[in-house]
Amino acid sequence: MATANYWLSFMVATERSAAKGVESLRRQSIYAAVQVFDSGYWDETTSFILFEADDDIDVVGKAVVAGLDSDLDLLILRKVSSASARYWGKVTQPTSLGGYVANIARLL
């Protein structure tokens, strides 16, 4: 599979997760997962990362959300070349989100 560009946007809740720990640990888990795919990722803005990966969007998505709590946190991932996208976690308005991000589906 060819290398693809991805972007992700996320919100890590300030509440402590019984299963996944405090906010700072959950936030760091995102960066650690992205670094496995691309050590030169771009993250100069808050809660938004650009990076490259050789893997499928679902493989990338599952790796990135592994340290998050789906009842508290949320994430949107977009594979730029194919315009496919995934959302995960505490997304309360998926239909509205779909109006802004075409071809988006829940990450299973």
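Could you please rank F48, F37, placing first whichever residue has the fewest other Cβ atoms within 10 Å of its Cβ? Could you put the intermediate results ahead of the total?
Numbers: F48 13, F37 19.
The fewest-first ordering by Cβ neighbours comes to F48, F37.
Return the inverse of the average 1/r over all pairs of distinct C-alpha atoms in the chain, which is the Kirkwood hydrodynamic radius, in Å to one decimal. Can you show the working numbers first?
Working: mean 1/r = 0.0719 Å⁻¹.
Here the Kirkwood hydrodynamic radius works out to 13.9 Å.
May I ask you to compute the full-extension gain from K90 to W7, defined as 0.36 nm times their residue separation minus their alpha-carbon distance, rounded to one decimal in nm?
On the way: separation 83, 0.36 × 83 = 29.88 nm, distance 1.87 nm.
Gain on stretching K90 to W7: 28.0 nm.
Using the eigenvalues of the Cα gyration tensor, what equivalent ellipsoid semi-axes result for the stretch 54-94 when each is taken as the square root of five times the eigenvalue, whole Å, largest first?
Numbers: eigenvalues 72, 34, 5 Å².
Equivalent-ellipsoid dimensions as semi-axes: 19, 13, 5 Å.
With a 10 Å Cβ neighbour count serving as the proxy for reagent exposure, in which order, fewest first, do S96, S84 appear?
On the way: S96 9, S84 17.
By the 10 Å Cβ count, ascending: S96, S84.
Contour minus end-to-end for S24 and S82, with contour as 0.36 nm per residue of separation and end-to-end as the Cα-Cα distance?
Working: separation 58, 0.36 × 58 = 20.88 nm, distance 3.18 nm.
Here the segment from S24 to S82 would lengthen by 17.7 nm.
Determine ³J(HN,Hα), in whole Hz, for all residues of the stretch 32-47 in sequence, where each value follows from phi through the Karplus function 6.51 cos²θ - 1.76 cosθ + 1.60 and θ = phi - 60°; x replaces Gly and Pro.
With coefficients 6.51, -1.76 and 1.60, one gets 5, 5, 4, 5, 4, 7, 8, 6, x, 4, 10, 8, 6, 10, 6, 6 Hz.
If each residue's Cβ is checked for other Cβ atoms within 10 Å, how do W88, W7, W42 rank with the fewest at the top?
Numbers: W88 21, W7 15, W42 11.
Listed from fewest to most nearby Cβ atoms, that is W42, W7, W88.
With each pseudo-label sitting 7 Å past Cα toward Cβ, what's the F48-A105 distance in nm, one decimal?
2.7 nm
Throughout, read-outs are computed from the coordinates displayed, never taken from laboratory work. All values derive from a computational prediction rather than experimental measurement. Please note: Cβ atoms are built from the backbone with ideal geometry, for glycine as well, and neighbour counts cover all protein chains shown.
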